[in-house]
Amino acid sequence: MSKLGFTRAEFPEGFAFGTATSAYQIEGVKFGGCGESHWDTFAATPGNVERAEDGWIACDHYNRWEEDLDLIRDAGFDAYRFSTSWARVMPDGESVNGEALDFYDRLVDGMLARGIRPFATLYHWDLPSALADKGGWTNRDVAAWFADYSRTVMARIGDRVEATATINEPWCVAWLSHFMGIHAPGLRDIRAAARAMHHVLLAHGTATQALRAEGIDNIGIVTNLEGSDPVDDRPETLAAHARNHAIYNEWFLSAVFKGEYPEAALEGLEPHLPTGWQEDFATIQAPVDWLGINYYSRHRIVNAGGPWPQIGYADAVEETTAFGWEVTPHHLTNFLLWASREYSGDLPIHITENGMAGHDYLLDGEVPDPQRIKYLRDHFAAAKAAMDQGAPLAGYFVWSLLDNYEWAHGYDKRFGLVHVDFDTLERTPKASWHAMKEALKSG
Ligand code: FCB
């Protein structure tokens, strides 16, 4: 048995074992005519990001992409989930930067040359500042802007990517960024949040239709589902828990697959939704071919009191990662079964992200990360348990290939299978990378 507790033979033929990254977190916006995004200005504003770090150089992947693809191939991964940067492709939000398209073209060819199946994500949070100036996700026009950008990218690489995701983590794009103020643009406003919650879905649907019209298929959306458990069974706690689940997990799946929003979220958001929102479900429900689920952890929910939605988080009680996130693999099993039963039916599901942050360090040329190996072992087992109960799981992408720019936490939270020294940019595979290699080589 491999250190990760699984062998390939236990998974169906064609199952995509992969790893994932995103453009802003690794590429380096200094290079290749990339335009400014709302993450650059958010990071430049004191108090938003630890040590005010930004993606200026990041992992220098823009220049080191060949070495990075070699690391994916050498571990034995079948697939790579990467994202294209909107601000790189359209630096002023409108005109197209040819250098950017050339870069993604080379990257996709580089994957194919190494036998790696390309899984593209069109939006992993790098909104051009020029579009942020026009209101970004709070402006309904973002749906048309996004469709236009999506068409531009896929006209160049769509003939060679295996699967395409429109939006990464709509909850983060909308709620975390416009209600909680933790990610760019850092708003804390329920009206802006409600609009972003709706427009991000409208953008997904509009782009999906636009891409299909161009002959692109195998399109999906990547939702982040977070486990939650009420800390007690008082009615007010249970109500806060239900609202959290509705806003976090049900809102997006329910819109895409059922054409409705959950009541427990609408009770607070409906007054702030744009007029005529119900009519947009015809677009939002544009059929998808697969569902992406990012899963990491859970929160213990308390009733925080105060204004709606009164959602508060209690301290962790289980083992935690360097992020403080609780390790709760059973929620992954439950989500895979729940999402297919309630929403996506027989459509293939990919775990598009799963992994953990560690305090990883280099010691005599090696990086021991036993907690990550155990985390991955337990989550692969949880995924397998869901498959045994009928969940149509078709792929599993470990987050992340490299230590990278972890948004508001800067470079401190290391999620990589490969360690990056941010002074020299040298890459060193961690013990978990070697463990993946061992498991993927097994029959
Ligand atoms: C997800 C993001 C990804 C990374 C991981 C840790 O929410 O999609 O970019 O930050 O969390």
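Overall shape: oblate for segment 190-241, with the ratio a/c of the largest to smallest alpha carbon gyration tensor axis at 1.5 or above and b/c at least equal to a/b.
If you count only protein heavy atoms with a 1.4 Å probe, what accessible area per residue comes out for segment 290-443, rounded to a whole Å²? All intermediate terms of the calculation are to be shown ahead of the outcome.
Numbers: 5700 Å² over 154 residues.
Each residue of segment 290-443 exposes 37 Å² on average to a 1.4 Å probe.
Placing unit charges on each Cβ (+1 for Lys and Arg, -1 for Asp and Glu) gives the chain a dipole about its Cα centre, and among Trp56, Ile301, Thr7 the Cα reaching farthest toward its positive end belongs to Thr7.
With the simple spin-label model, which puts each label point 7 Å out from Cα in the Cβ direction, the Thr428 to Thr275 separation comes to 6.2 nm.
Place a +1 charge on the Cβ of each Lys and Arg in segment 370-443 and a -1 charge on the Cβ of each Asp and Glu, then give the dipole magnitude about the Cα centre in debye, rounded to the nearest 20.
Value, rounded to 20: 300 debye.
Please arrange Ile247, Ile190 by accessible surface area, largest first, computed with a 1.4 Å probe and ligands excluded. Each step should come with its number before you reach the end.
Details: Ile247 5, Ile190 50 Å².
The ranking, largest first, comes out as Ile190, Ile247.
When peptides 123-129, 102-108 are sorted by average Cβ neighbour count within 10 Å, with the highest value leading, the order is 123-129, 102-108.
I need the shape label for the chain. Rule: rounded when a/c is under 1.5, else prolate if a/b > b/c, else oblate, with a, b, c from the alpha carbon gyration tensor. Rounded, since a/c falls under 1.5. For the pair Phe323 and Ser442, label points projected 7 Å from Cα toward Cβ lie 2.6 nm apart. If you sort the three axes of the alpha carbon gyration tensor as a ≥ b ≥ c, you get a/c of 1.5 or more for segment 286-425 and a/b no higher than b/c, which makes it oblate.
Any idea what the dipole of the chain comes to, in debye rounded to 20, about its Cα centre with Lys/Arg Cβ at +1 and Asp/Glu Cβ at -1?
Values: 36 positive and 64 negative charges, 103 e Å.
That gives a dipole near 500 debye.
With all protein chains present, how much of the accessible area of the chain (probe radius 1.4 Å) comes from carbon and sulfur, to the nearest whole percent?
Working: 7750 of 15800 Å².
Here carbon and sulfur together make up 49 percent of the probe-accessible area.
Between segment 422-443 and segment 316-350, the C-alpha centres lie 24 angstrom from each other.
Here the gap between Asp388 and Asn218, fully extended at 0.36 nm per residue and compared with their Cα-Cα distance, gives a gain of 58.7 nm. From most to least packed by mean Cβ count within 10 Å, the peptides 4-17, 82-95 give 82-95, 4-17.
Of His409, His330, His359, the order by accessible heavy-atom surface (1.4 Å probe, DNA, RNA and ligands excluded), from most exposed downward, is His359, His330, His409.
Step by step: find N for segment 351-397, compute 2.2 N^0.38 Å, then divide the Cα radius of gyration by it. What's the final number?
It is 1.45.
Pairs with C-alpha atoms separated by more than 22 Å, drawn from the list Lys3/Lys430; Lys258/Lys384; Lys374/Lys430, are Lys258/Lys384.
Taking all protein chains as shown and a probe of 1.4 angstrom, Asp189 keeps an accessible surface of around 70 Å².
Exposure check, 1.4 Å probe, all protein chains in place: Cys59 carries approximately 0 Å² of accessible surface.
The values are calculated or read from the model by the stated rules, or taken from the named source; none is laboratory data. From a predicted model like this one, the values you see are computed outputs, not experimental measurements. No Cβ is skipped: glycine too gets one built from the backbone with ideal geometry, and neighbour counts run over all protein chains shown. Side chains are part of the model used for accessible areas, which takes the heavy atoms of the whole protein and leaves out ligands, DNA and RNA. Shrake-Rupley method; radii C 1.70, N 1.55, O 1.52, S 1.80 Å.
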